Amino acid sequence: MAEHRPHAGEKADRMMNDSLANVIPLGVPGGVDRSLRSVSDSVRNTAGRTLGRTVTRTGGLLTEQIGAAVGSITDAATAGVRAATRRLTEEGTDLTDDWGRDPALVRRIMLLAQLRWDVSTGGDQRLPKRKGALIVVNAPRFTLTPIFTAFAISEALDRPVRYVGRPDDDLLGALGRRLGGLLDHPDEVAGALRADELVVLGADHSSGSRRVGAIDHTIVGAALATGTRVFPTATSSNPFGRHARVEIGTPTRSPKGRRGPLAELELADRLRHDIAGLLLEMGDINTGTPLDWLPGSGIGAH
C-alpha cells in the first residue's frame, strides 16, 4: 500500500493546531481555566513590578489606586474570556463545516482576542436569524476589521459568520479558510449566500475614522443575484484602549428597475453613504489624552 504523504495544506493545518494548542489547551475545560489563571497572574505580577518601580516614591495611595486600576482591567479581560468559553464549550471541536470553518480554531482565536479587545455589538437584532445576509463594513488602515467583525457578530448571534478575503495559497489560505474566510470571488460568495450564510465584506482600507473606502461592486452583485439583503455596518476602535464597537444598520435599499453592473455600482455607492452616516452617529472613541489628536490613531484623524 502506498504511503500517504501530507500535502502543503495539511502540513499548515497541523502546524497551526500545534502552535495554538500550546497557547490555550482546549482539550478539557480545565485547560482553559489554567490558561486564564496563568495569563491573569502574569499580567498582575508584571504590572505590579513595573508600577512598584515607577511610583514607589509618589506615596502608597497612588500606588494602590493604580494597582486597583490594573486589577480591574485584568479582571474584565478574564471575565470576558470565561464568558466566551462558557458559550462555546458545547460547540464541536473535531469537525469543520461545509465551508472549511474550524469551530475549535475560531474559539481559540476568539479567546485570545478577548484579552485585547472589549467589543460591543449593536443592531445585531436586525440580522436574520436563519437566512443569509451580506454585511459590509468600513476597514481602517492596518486593521483586520472583517475578521474581528465576523467574530463579534458570531458571538452576538451564536451562529457562524464568514468573511470575504482569504488568500488563495497553502499556508495563509488554509488558516483563513479555517477561520471562516471565503475567496474574494463573486461565485464563492454567491454560493455562501444561497446557503443562508452570514458573510462580512470589508471596504477598501482608508485613513481616518470616518472615511469609507471603495466597496467591491462585484461582491455586492452576488447579493443582488441571490436576492440577499445587504447591511451597512460601522466599526470604531481605539488602538490605545480595549473598547471597540460594531454597529449594524438597517438594510440598504436595493435600486429598483436596474440590473447588471449599474445596479451593483449604485448599491455600492449607497452602502458607502450609509456606512459614513453610521460612523457619524457613532462619533469617535476618545482616550482623554493628547493621543486623541495623533493622525495615525484613528481618533481625530478625519
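Which residues, taken from region 242-254, are surrounded by fewer than 16 Cβ atoms within 10 Å (Cβ to Cβ) and either without any contact (Cβ under 8 Å) to a residue 40 or more places away in the chain or not in a strand (DSSP E or B) (or both)? Full working, then the answer.
We begin by selecting, within region 242-254, every residue surrounded by fewer than 16 Cβ atoms within 10 Å (Cβ to Cβ); these are 243, 250, 253.
Result: T250, R253.
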Using the structure shown, decide if R162 is of a type outside the set (V, I, T) and farther than 23 Å from A268 by Cα. no
Read through the list (1) at pLDDT 55 or above; (2) surrounded by 15 or more Cβ atoms within 10 Å (Cβ to Cβ); (3) in a helix (DSSP H, G or I), then give the number of the only condition that G100 fails. (3)
Sole miss for A139 among (1) in contact with a Phe, Trp or Tyr (Cβ under 7 Å, 6 or more places away or on another chain); (2) in a strand (DSSP E or B) is condition (1)
Could you list, ordered by first residue, the pairs with Cβ atoms under 7 Å in which the first is in region 192-207 and in the same structural domain as A225 (by TED's automatic domain parsing) and the second is assigned to a loop (DSSP other than H, G, I, E, B) and among the aromatic types (F, W, Y), at least 6 apart or interchain? A192/W99
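The values are calculated or read from the model by the stated rules, or taken from the named source; none is laboratory data. For clarity, every value in this text was computed on a predicted model and none was experimentally measured. Note that each Cβ is placed from the backbone with ideal geometry, even for glycine, and that neighbours are counted across all protein chains shown.
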